[in-house]
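First the structure, in the form of structure tokens, and then the observations on it.
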Amino acid sequence: MDFEIFYGLNGVHFDKSKIASIDGLNGELIYRGYDIRELAIDATFEEVVYLLWYAELPKKAELEKFTADLRSRYKIPEGVIKVLRELPKDTHPMHAIRTGISALASFDKQADDLEMDNIHRIGSKLVAQFPAIVAAFYRIREGKEIIEPDETLSIAANFLYMFNGEKPSQAATHVMDTALILHAEHGSNASAFVCRATASSLTDVYSAVTAAMASLKGKLHGGANTAVMKALEEISSVAGVEDYVLKTLSMPGGRVMGFGHRVYKVLDPRAVILKKVSHNLAEESGDSKWFEMSVEMERVMDLEMDKKGKQIKPNVDFYSASVYRMLGFPGDMYTPIFAVARISGWMAHLYEQYANNRLMRPRLVYEGQRGLKFKAVSER
Ligand code: ACO
């Protein structure tokens, strides 16, 4: 029998959703009806989390209540810190954070309760505690003291504070908010799909989010931002960019990280905003090297892809690399920072998935042998 196979599930719609819409031909991303270009500049991360979860922007009192609830959950269990301390210091940060998130389940007596109120409680807890887990692992491996969360600070400000040990400026907090908003949600991307597919067996939220973390780590997905910075560091000058791109593209299957997207055939709107942010940071800090190298890489890629007739443009991971660099984050922490934002989108998907669940169970076309007869090991 002939079956149509959709490699990489390309073009497959597996459910309906009201969370986000991506227009890949016009370069538009919408969260619950609102254009990302407005949200990224004017909203806070907390407002966007509320919007993603409850389908409308919060009124003042609703936002205050929501924010206060998140802040009351900032602190992570001591047992999770102990787990992080036990890990070798050179553990890949995504292995460490994924382990920390998974360990949270052991300290939650209601981890397996799938009542919607409880799922929302866990969602708020995870959004509140991802930043603390990322910051704690970073400071442990650097041999620094862990900074307790500050409940007077927003998620963006508190994350910068716990990470660097200094209260951030308003400008840095605004950039962090913008980055978190832009990375919060993106439809049925690989990790959100994995999250929903895992939950579809009616396993618990922690398990689904742990699986999503595992997916995000890959360099074709969230791991690309770390790979972009690694490339920029290796190249180390604007003059070296062209050679690097040509050499990479000349290798079989060679890909320049931070470029290309399954859905966008034009520039990713998140990259447009992050490019501006990166430019501003470069001007303010006087350290324009990373921005200039990125612009050069975009120029060379445009030229090379034009020659091949391909639409391979920068994606969200490309300019976020120079932005995070100028905020002072080390390259291998970029994907965990992506996760600090994306947990909000994963939870929005889990609310939809658990509310209207059907086990995800696709098929494979079998092409192997048939009719073989078993022989005892002594006869093989
Ligand atoms: N550099 C060079 N060529 C590329 C790139 C790239 N970054 N991306 C795609 N191409 C080429 C492929 O070689 C392929 O060429 P071919 O048709 O001649 O074989 C063509 O474009 C289509 O590529 P596919 O892999 O089929 O596209 P797909 O939709 O499966 O992949 C992906 C999308 C995985 C994002 C891809 O563009 C890629 O590997 N990019 C680099 C990694 C990256 O930046 N990932 C982050 C994505 S955004 C996110 O997840 C947050």
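Quick notes on this one:
- All of GLY331, GLY345 fail the test of being out of contact with any strand residue (DSSP E or B) (no Cβ under 7 Å at 6 or more places or on another chain) and open to solvent by 10 Å² or more (accessible area, probe 1.4 Å), apart from GLY331.
- Taken over the range 59-86, the residue count meeting the criterion of being open to solvent by less than 50 Å² (accessible area, probe 1.4 Å) and outside any helix (DSSP H, G or I) is 3.
- Filter result for LYS89 (assigned to a helix (DSSP H, G or I) and touching a residue at least 12 places away in the same chain (Cβ under 8 Å)): no
- Evaluation of SER200 against the conditions (1) closer than 19 Å to PRO336 by Cβ; (2) small (Gly, Ala, Ser); (3) in contact with a helix residue (DSSP H, G or I) (Cβ under 9 Å, 6 or more places away or on another chain) shows that the sole unmet condition is (1).
- Residue list for the range 222-262, filter: within 14 Å of the ligand (Cβ to nearest atom), surrounded by fewer than 18 Cβ atoms within 10 Å (Cβ to Cβ) and not in a helix (DSSP H, G or I): MET251, PRO252, GLY253, GLY254, ARG255, ARG262
- Matching option when the condition is among the hydrophobic types (A, V, I, L, M, F, W, C), outside any helix (DSSP H, G or I) and touching a Leu at 6+ places or on another chain (Cβ under 7 Å), among ALA184, ALA208: ALA184
- Residue in the range 24-46 that is open to solvent by 30 Å² or more (accessible area, probe 1.4 Å), within 25 Å of LEU216 (Cβ to Cβ) and either touching a Leu at 6+ places or on another chain (Cβ under 6 Å) or at pLDDT below 95 (or both) present: yes
- In the range 33-60, the residues that are within 19 Å of TYR264 (Cα to Cα) and not hydrophobic (A, V, I, L, M, F, W, C): GLY33, TYR34, ASP35, ARG37
- LEU303 farther than 30 Å from CYS195 by Cβ, within 14 Å of the ligand (Cβ to nearest atom) and modelled with pLDDT of 95 or more: yes
- Condition check for SER191: within 30 Å of PHE107 (Cα to Cα), open to solvent by 10 Å² or more (accessible area, probe 1.4 Å), small (Gly, Ala, Ser) and not in a loop (DSSP other than H, G, I, E, B): no
- For the range 104-148, filtering for residues that are over 21 Å from TRP53 (Cβ atoms), open to solvent by 30 Å² or more (accessible area, probe 1.4 Å) and of a type outside the set (D, E, K, R) leaves 5.
- Filter pass, VAL365 being in contact with a Phe, Trp or Tyr (Cβ under 7 Å, 6 or more places away or on another chain) and open to solvent by 20 Å² or more (accessible area, probe 1.4 Å): yes
The values are calculated or read from the model by the stated rules, or taken from the named source; none is laboratory data. Because the structure is a prediction, the values reported are computed rather than measured. Because the Cβ atoms are built from the backbone with ideal geometry, glycine has one as well, and the counts that use them run over all protein chains shown. Accessible surface is based on the protein model in full, side chains and every heavy atom, while ligands, DNA and RNA are left aside. Shrake-Rupley method; radii C 1.70, N 1.55, O 1.52, S 1.80 Å.
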